[in-house]
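One structure is given below, encoded as structure tokens.
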Amino acid sequence: MAFFFEEPSHTFDEYLLIPGYTSADCIPANVSLQTPVVRYNKKAGEKCPLTMNIPMVSAVMQSVSNDKLAIALAKEGGISFIYGSQTIADQAAMIAHVKTYKAGFVSSDTNIRPDHTLTELVERIKQTGHSTVAVTENGEHNGKLVGIITERDFRLSHCSPDAKVSEYMTPLKDLVMAKVGITLEEANELIWKNKINQLPVVDDAGRLQYLVFRKDYATHEEHPLELLDDKKRYIVGAGINTRDYMERVPALLDAGVDIMTLDSSEGFTEWQSRALKDIHSKWPQAKVGAGNVVDAEGFRFLADAGADFVKIGIGGGSICITREQKGIGRGQATATIEVARARDEYYKETGIYIPICSDGGIVHDYHITLALAMGADFVMLGRYFARFDESPTNKLIVNGNYVKEYWGEGSNRARNWQRYDLGGAKKMAFEEGVDSYVPYAGSLHDNVQMTTSKISHTMCNCGAVTIPELQQKAKITLVSPASIREGGAHDVVVKNTSIRAE
Ligand code: IMP
């Protein structure tokens with residue numbers, strides 16, 4: 001006879017946190033959101049080999065996680081999983097771009113020679129929007145440096161249009177320069193000591209490699225939680241599938257990927273255990289998460305198969321229609337609670353702690369805090385990140401409002417049928433996701449700062465300054481439909497709903 005879960009499953013919307021005692025030192029400034037990402041032997045006192053500084057990762061989706069978003073999120077302390085529904089070469093190139101990106105070190109994008117005219121220079125400045133231009137012998141952006149020219153060095157109206165760049169640039173002999181290998185802190189020291197606005201960084205042959213700008217260092221200081229590897233490169237993740245991993249994984253590892261996850265709508269499968277075993281035996285250093293599952297049995301299966309973390313969630317994503325199409329899934333909160341209990345039992349039995357990630361269905365910022373309180377170590381978000389400047393999709397105006405496009409990996413638009421493939425002969429492909437718009441919300445930095453601030457405040461209300469402490473101390477209550485209504489503004493006419501943040 002079929003097994004029945006007699007209790008209905010619940011979503012985050014149906015829960016609230018009840019405050020605990022808050023001591024005087026339990027303040028947001030003292031909160032650490034650091035969290036483990038991969039399995040480790042906690043009982044033996046091992047340190048987790050990969051942690052994040054905020055408990056947020058971006059979804060393995062074409063409309064969410066590319067190299068640009070990965071850099072922006074790593075600056076805030078989280079990890080992006082760059083989408084795998086692209087060619088191996090394209091995905092590896094995105095990973096390589098994140099790993100070679102050096103915060104504060106900018107590659108010149110304007111090609112100017114000393115014999116170019118000021119009119120040509122102004123044309124290039126218009127094209128790139130950058131008013132400081134490195135002048136190189138051959139005009140290539142990494143050619144031998146001969147000078148620097150900025151918009152402030154000349155007034156076109158007072159010069160002959162044929163005047164040469166060489167007449168107005170600051171020549172090499174008057175430039176302060178640095179050699180490759182200089183750190184950002186050292187570059188910044190030179191900039192301040194010499195009262196300059198930019199510092200060219202050259203190789204031994206005098207070829208231009210980077211420019212460091214005074215303003216960029218200020219940006220760098222805004223990101224005290226940035227997530228770097230031991231070579232000071234940004235940490236980045238990637239989605240993989242159970243089909244081409246023997247080719248994809250080595251290419252991603254070569255490009256420098258730090259963490260991968262099997263990306264599938266349903267992870268309690270022989271395909272995932274085979275992939276985990278094959279990858280770990282061929283590349284023992286590779287870290288691979290797996291999923292998605294929604295119960296203890298699914299968790300145990302992936303834990304035994306060697307998953308480095310386990311992702312939870314079926315059918316709860318904002319663009320997801322899996323439940324309608326196939327009738328599988330479970331309320332995200334119930335799934336998270338049950339998997340967290342299974343994870344804790346696994347730890348008691350084995351001493352191994354396997355981080356779990358609640359994936360999909362986060363609508364309000366407090367849903368993240370609830371997921372953490374219920375035992376998740378971090379959450380994966382699609383819709384949330386799709387709204388920002390850094391996401392890969394178009395920003396459009398629809399009905400007078402700025403929106404960004406957001407489509408599911410199971411939509412016709414993504415054509416990522418592999419994610420839903422169960423092997424064997426193909427039956428008819430059907431959609432499990434929709435193509436949609438989400439309201440445009442500005443920069444990733446501003447939004448993540450606001451979200452993590454709210455999480456920290458709520459944690460303090462619960463008397464916790466770390467995520468493990470929250471998980472221990474949280475008091476969580478189910479709420480009735482009437483009390484959900486009571487929780488919003490009610491029985492008043494709200495003046496301006498559009499300015500209310502989520
Ligand atoms: P969101 O944060 O609620 O938008 O959910 C994002 C999550 O939805 C992703 O991390 C995936 O687990 C899941 N997902 C992505 N695309 C699809 C789809 O087309 N159908 C069903 N689930 C999807």
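We did not get these values from a lab; they are worked out from the coordinates using the rules stated. Keep in mind it's a predicted model, so treat the numbers as computed, not measured. No Cβ is skipped: glycine too gets one built from the backbone with ideal geometry, and neighbour counts run over all protein chains shown.
What to note about this one:
- The chain: angle of helix 184-193 to the longest principal axis, Cα-based, in degrees nearest 10: 40
- At full extension, Asn197 and Val492 could sit 100.9 nm farther apart than now, given 0.36 nm per residue minus the alpha carbon distance.
- Volume of the Cα convex hull of segment 84-157, divided per residue and given in Å³: 128
- Cβ crowding within 10 Å averaged over residues, with 352-364, 370-382 ranked highest first: 370-382, 352-364
- Kirkwood-based Rg to Rh ratio, segment 171-265, C-alpha trace: 1.16
- For segment 249-308, the C-alpha radius of gyration divided by 2.2 N^0.38 Å, with N the number of residues, is 1.09.
- Ellipticity at 222 nm from helices only: DSSP H runs of n ≥ 4 in the chain, each -39500 (n - 2.57), divided by the residue count, give -9000 deg cm²/dmol.
- Packing here is the average count of other Cβ atoms within 10 Å per residue, and on that basis the peptides 45-53, 60-68, highest first, run 60-68, 45-53.
- Computed log₁₀ I(q)/I(0) - Debye formula, equal Cα scatterers, no solvent, segment 1-84, q 0.11, 0.13, 0.16, 0.27 Å⁻¹: -0.59, -0.79, -0.99, -1.16
- Residues Val249, Val176, arranged from fewest to most other Cβ atoms within 10 angstrom of their Cβ, appear as Val176, Val249.
- Formal net charge of residues neighbouring Ala296 (Cβ-Cβ distance under 11 Å; K, R +1; D, E -1): -2
- Applying the Kirkwood pairwise sum to the alpha-carbon positions of the chain produces a hydrodynamic radius of 25.0 angstrom.
- The residues neighbouring Val146, those whose beta-carbon lies less than 9 Å from its own, together hold a net charge of +1 under the Lys/Arg +1, Asp/Glu -1 convention.
- A cut-off under 15 angstrom between Cβ atoms defines the neighbours of Asp435, and their net charge, with Lys, Arg +1 and Asp, Glu -1, is 0.
- Exposure proxy ranking for Glu431, Glu185, Glu6, Glu151, based on other Cβ atoms within 10 angstrom of each Cβ and starting from the fewest, stands as Glu6, Glu185, Glu151, Glu431.
- Residues Trp192, Trp417, ranked from the fewest to the most other C-beta atoms within 10 Å, line up as Trp192, Trp417.
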